[in-house]
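To start, the structure under review is shown below, and the notes come after it.
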Amino acid sequence: MAFILWTDKYSTNIQEIDTQHKHLFSLLCKLHDAVSEGAEQGTIADILDELVDYTFYHFRIEEDLLKKKIYPDYENHKKQHDKLTGQAVELQNRFREGSATISFEILDFLRDWLDKHTLVSDLKYADFIMKNKTPGIS
Ligand SMILES: [Fe+2]
Ligand SMILES: [Fe+2]
């Protein structure tokens, strides 16, 4: 069974965002698999970098979208993104220095964060966008 699996319950009804969430989930699965299989540190570091880079990319796309749609809870949403990326970069640096490992505890934390944020916070803005859609304008 996949470590985290995208299903319709996560759907924002915004195709680009759903595609990105699926990719984020699959990168986290890839990291989980590498750790489970006892892959080399270099391999794990590369996947972690890929995951962190893609997370930054995804958050930027979401934040641009929320600004464009004048989402009232933008600041709070961005704060959640910033907190996670701050923690992720710290982990990335500590892992590179050899002072941290990617434990199952960390993997579970990332999965729970991603699950909750996508399901609660992202679906909240998706709902706002859906309700404030101007007919004929996407
Ligand atoms: Fe998201
Ligand atoms: Fe988000």
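The values are calculated or read from the model by the stated rules, or taken from the named source; none is laboratory data. Keep in mind that this is a model prediction, so the values were computed, not measured. Note: ideal-geometry Cβ built from the backbone for every residue, glycine included; neighbour counts use all protein chains shown. Keep in mind that these areas ignore ligands, DNA and RNA; they rest on the heavy atoms of the full protein, side chains included. Shrake-Rupley method; radii C 1.70, N 1.55, O 1.52, S 1.80 Å.
Whole number please: convex hull volume per residue, Cα atoms of the chain, in Å³. Working shown, then result.
Values: hull volume 13.7 nm³, N = 138.
Measuring per residue, one finds 99 Å³ for the Cα hull of the chain.
Excluding residue 13 itself, calculate the net charge of residues whose Cβ lies under 15 Å from the Cβ of residue 13, where each Lys or Arg counts +1 and each Asp or Glu counts -1. Don't jump to the answer; show the numbers that get you there.
Numbers: positive: 9, 22, 69, 124, 131, 133; negative: 8, 16, 18, 62, 122, 127.
Charge balance in the 15 Å sphere: 0.
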In Å², rounded to a whole number, the accessible area per residue of the chain with probe 1.4 Å is 59
Helix-only [θ] at 222 nm, the chain, -39500 (n - 2.57) per DSSP H run of 4+, per residue, nearest 500, equals -24000 deg cm²/dmol
Magnitude of the Cβ-charge dipole (Lys and Arg +1, Asp and Glu -1) of the range 16-131 about the Cα centre, nearest 20 debye, reported as 520
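Take each of the peptides 113-120, 28-35, average the number of other beta-carbon atoms within 10 Å over its residues, and list them starting from the highest.
Details: 113-120: 15.1, 28-35: 18.6.
Descending mean neighbour count gives 28-35, 113-120.
Between beta-carbons, use under 15 Å as the cut-off and find the net charge around residue 34, counting Lys and Arg +1, Asp and Glu -1.
Numbers: positive: 30, 111; negative: 33, 37, 40, 46, 49, 50.
Within the 15 Å Cβ shell, the charges total -4.
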Looking only at lysines whose Cα falls under 20 Å of residue 30's and that sit 8 or more positions away or on another chain, we get 22, 116
Of the candidates 81, 54, 65, the farthest towards the positive dipole end of the range 31-88 (Lys/Arg Cβ +1, Asp/Glu Cβ -1, centred on the Cα centre) is 65
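On a full-extension model of 0.36 nm per residue, what is the gain between residue 9 and residue 133, subtracting their alpha-carbon distance, rounded to one decimal in nm? Walk me through the numbers on the way to the answer.
On the way: separation 124, 0.36 × 124 = 44.64 nm, distance 2.12 nm.
Length gained between residue 9 and residue 133: 42.5 nm.
Summing Lys, Arg as +1 and Asp, Glu as -1, what charge do residues with Cβ under 14 Å from the Cβ of residue 45 carry, residue 45 excluded? Walk me through the numbers before you get to the answer.
Numbers: positive: 30, 94, 96; negative: 40, 46, 49, 50, 53, 97.
Surrounding charge for residue 45 is -3.
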At the level of C-alpha centres, the distance separating the range 82-138 and the range 1-17, in angstrom, is 13
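Which percent of the accessible area of the chain is formed by carbon and sulfur heavy atoms (probe 1.4 angstrom)?
Values: 4380 of 8210 Å².
Result for the chain: 53 percent of the exposed heavy-atom area is carbon or sulfur.
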When the charge dipole of the range 16-131 is computed with +1 on Lys and Arg Cβ and -1 on Asp and Glu Cβ about the Cα centre, the Cα farthest towards its positive end, among 93, 123, 42, belongs to 123
